[in-house]
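Right, one structure below, let's go through it.
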Amino acid sequence: MLRARIAATGSYVPERVLTNFDLEKMVDTTDEWIRERTGIRERRIAAEKEAASDLAYEAAKAAFKKTDIKPKDIELIIVATVTGDMPFPATACHLQQKLGLKKAAAFDINAACSGFLYGLSIANGFIKSGTYKRILLIGSELLSRITDWEDRSTCVLFGDGAGAAILEATNEDRGIISTHLRSDGSMWELLHMPGGGSRNPASKDTVKKKMHCIKMKGNETFKIAVRTLEGLVRETLAENKLKISQLSMLIPHQANLRIIQATAERLDMPIEKVMVNIDKYGNTSAASIPIALDEAVRQGRVRDGDYVLLEAFGGGLTWASVLIKW
Ligand code: UT7
């Protein structure tokens, strides 16, 4: 049976570190509040000249170093982002130019924090159908560019970064086992950026009203996230006739340490088997899972034959899981 497997991962975060102590000087907050309520200690902020395709390019380069697959072998580039270089063309096209590729197809997807998993599902479909054999998938975000730095309820949460996965077709008994995508558009207002699209095109007024910044009802989102993620993981395992104890690793979207811990507790999943790096990067939306996955691989925490479950929840609302046999 034709399957898609992740042949290599890579990630990149910008050099500049913004700590909780730095934020104490910017808004009415404390390091203690941020650590206790979110688990975040610091986050990375992109340099002025960097955009999503630059971060994506660095993450892609890191992934290509770990495999024999060359950029010219890639037939499709997918970038998951809500902070692309520009509204159009796709950031995937900018990345294609940087990689010097002429033939590959390239497009972006917008599923907010679930974007990388939506991307894995799309890539999986193309590979299983025999359409493409090698796909480059990236989650790249510069949330610092759409953050209201005067709003303490959101500005302490987000960061910038990118993670990459190179997928290839295999006939081996490994790779993506199943993908599960969900959304509920009736709750879009919980997490969104109102300005800059066709509803509220950019104007002096939209800028004045800070409509080009993230708006989030954090507490409501938090509660729905915990409930939803528990159900999603149970559903994914049940469909594959697997028990929690058979999972070697859970790699969740890094939105809030308390969401990660509460989900793990409800599932009876030992926290040692859960990948956590939110302390270093904050919430990097579509980039958080590929960055965490790349770190888990580099730390030797993901080994051949392991069952690894990725799960995410975010704006849309969207949520998703992907089960992989590594
Ligand atoms: O990635 C996509 C999905 N995103 C999420 O899943 C994020 C979900 N939400 C969260 O992570 C949490 O809801 C937050 C971290 C955003 C907020 O934590 P919370 O425990 O839900 O706090 P809250 O919003 O209920 O606010 C509690 C208090 C409020 O003060 P009062 O009204 O009780 O006096 C806030 O004004 O904390 C206050 N507060 C802060 N205090 C110090 C909010 N932000 C801050 C801050 N520093 N940065």
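The values are calculated or read from the model by the stated rules, or taken from the named source; none is laboratory data. Since this is a predicted model, take the numbers as computed values, not measurements. Note: ideal-geometry Cβ built from the backbone for every residue, glycine included; neighbour counts use all protein chains shown.
Inspect the range 97-113 for any residue being touching a residue at least 60 places away in the same chain (Cβ under 8 Å) and within 21 Å of residue 4 (Cβ to Cβ) and give the result as yes or no.
At the first step, the residues of the range 97-113 found to be touching a residue at least 60 places away in the same chain (Cβ under 8 Å) are 111-113.
Pick out the ones that are also within 21 Å of residue 4 (Cβ to Cβ) and you get 111.
The answer is yes; a qualifying residue exists.
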Legend entry - residue 175 being small (Gly, Ala, Ser), over 25 Å from residue 39 (Cα atoms) and exposed (fewer than 14 other Cβ atoms within 10 Å of the Cβ): no
Legend entry - Failed item in (1) in a helix (DSSP H, G or I); (2) in contact with a Leu (Cβ under 8 Å, 6 or more places away or on another chain); (3) not polar (S, T, N, Q), with residue 207 passing the rest: (2)
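Say whether the condition of being in a loop (DSSP other than H, G, I, E, B), buried (at least 18 other Cβ atoms within 10 Å of the Cβ) and either modelled with pLDDT under 95 or in contact with a Gly (Cβ under 9 Å, 6 or more places away or on another chain) (or both) is met by at least one residue in the range 56-73.
Within the range 56-73, the subset in a loop (DSSP other than H, G, I, E, B) is 65-70.
Subsequent filtering for residues that are buried (at least 18 other Cβ atoms within 10 Å of the Cβ) retains 69.
Adding the requirement that they be either modelled with pLDDT under 95 or in contact with a Gly (Cβ under 9 Å, 6 or more places away or on another chain) (or both) leaves none.
No, because not a single residue in the range 56-73 is in a loop (DSSP other than H, G, I, E, B), buried (at least 18 other Cβ atoms within 10 Å of the Cβ) and either modelled with pLDDT under 95 or in contact with a Gly (Cβ under 9 Å, 6 or more places away or on another chain) (or both).
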Legend entry - the range 88-130: number of residues that are of a type in the set (S, T, N, Q) and touching a Leu at 6+ places or on another chain (Cβ under 8 Å): 3
Inset, instruction - Examine the range 75-89 for a residue that is closer than 30 Å to residue 195 by Cβ, of a type in the set (A, V, I, L, M, F, W, C) and assigned to a helix (DSSP H, G or I), and state whether such a residue exists. - result: no
Inset, instruction - May I ask you to say which residue of 70, 25, 49 is of a type in the set (Lys, Arg) and closer than 14 Å to residue 160 by Cα? - result: 49
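Matching residues to (1) surrounded by fewer than 23 Cβ atoms within 10 Å (Cβ to Cβ); (2) small (Gly, Ala, Ser); (3) in the same structural domain as residue 297 (by TED's automatic domain parsing):
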| position | (1), (2), (3) |
| --- | --- |
| 91 | no, no, no |
| 107 | yes, no, no |
| 113 | no, no, no |
| 147 | yes, no, no |
| 197 | yes, yes, yes |
Inset, instruction - Can you work out which of the residues in the range 317-326 that are assigned to a strand (DSSP E or B) and farther than 14 Å from residue 182 by Cβ is farthest from the ligand (Cβ to nearest atom)? - result: 325
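With the condition kept exactly as written, say whether any residue in the range 111-121 is within 21 Å of residue 308 (Cα to Cα), at pLDDT 95 or above, of a type in the set (Phe, Trp, Tyr) and within 16 Å of the ligand (Cβ to nearest atom). Show your work before the answer.
Of all residues in the range 111-121, those within 21 Å of residue 308 (Cα to Cα) come to 113-121.
Okay, now just the ones that are also at pLDDT 95 or above, so 113-121.
Next cut, of a type in the set (Phe, Trp, Tyr) only: 116, 118.
So of that shortlist, the ones also within 16 Å of the ligand (Cβ to nearest atom) come out as 116, 118.
Among the residues of the range 111-121, at least one is within 21 Å of residue 308 (Cα to Cα), at pLDDT 95 or above, of a type in the set (Phe, Trp, Tyr) and within 16 Å of the ligand (Cβ to nearest atom), which makes the answer yes.
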Inset, instruction - Read through the list (1) in a helix (DSSP H, G or I); (2) in contact with a helix residue (DSSP H, G or I) (Cβ under 8 Å, 6 or more places away or on another chain); (3) closer than 17 Å to residue 279 by Cβ; (4) not polar (S, T, N, Q), then give the number of the only condition that residue 43 fails. - result: (1)
Inset, instruction - Can you tell me which residue within the range 268-291, out of those that are part of a helix (DSSP H, G or I), surrounded by fewer than 18 Cβ atoms within 10 Å (Cβ to Cβ) and of a type outside the set (Val, Ile, Thr), is farthest from the ligand (Cβ to nearest atom)? - result: 272
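Might you let me know whether the range 251-260 holds any residue that is surrounded by fewer than 20 Cβ atoms within 10 Å (Cβ to Cβ) and either of a type in the set (A, V, I, L, M) or within 16 Å of the ligand (Cβ to nearest atom) (or both)?
We begin by selecting, within the range 251-260, every residue surrounded by fewer than 20 Cβ atoms within 10 Å (Cβ to Cβ); these are 257-258.
From what is left, the residues that are either of a type in the set (A, V, I, L, M) or within 16 Å of the ligand (Cβ to nearest atom) (or both) are 257-258.
Taking every residue of the range 251-260 in turn, at least one turns out to be surrounded by fewer than 20 Cβ atoms within 10 Å (Cβ to Cβ) and either of a type in the set (A, V, I, L, M) or within 16 Å of the ligand (Cβ to nearest atom) (or both).
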Inset, instruction - Select from the range 131-168 the residues that are touching a helix residue (DSSP H, G or I) at 6+ places or on another chain (Cβ under 8 Å) and of a type in the set (Gly, Ala, Ser) and list them in ascending order. - result: 139, 140, 153, 159, 161, 162, 163, 164, 165
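Going through the range 1-17 one residue at a time, which ones are free of Cβ contacts under 8 Å to residues at least 40 places away in the same chain and of a type in the set (A, V, I, L, M, F, W, C)?
Applying the first criterion (free of Cβ contacts under 8 Å to residues at least 40 places away in the same chain) to the range 1-17 yields 15-17.
Matches in the range 1-17: 17 only.
Take the conditions crowded, with 22+ Cβ neighbours inside 10 Å and either among the aliphatic types (A, V, I, L, M) or modelled with pLDDT of 95 or more (or both) and apply them to residue 242. Does it pass?
Details: crowded, with 22+ Cβ neighbours inside 10 Å: no; either among the aliphatic types (A, V, I, L, M) or modelled with pLDDT of 95 or more (or both): yes.
No: the conditions fail for residue 242.
Give the residues of the range 292-316 that are within 17 Å of residue 116 (Cβ to Cβ) and away from the ligand (no atom under 14 Å from the Cβ), sorted by residue number.
Our first condition is that a residue be within 17 Å of residue 116 (Cβ to Cβ); within the range 292-316, this holds for 292-297, 302, 308-316.
Answer for the range 292-316, where residues must be within 17 Å of residue 116 (Cβ to Cβ) and away from the ligand (no atom under 14 Å from the Cβ): 293, 294, 295, 296, 297, 302, 308, 309, 310.
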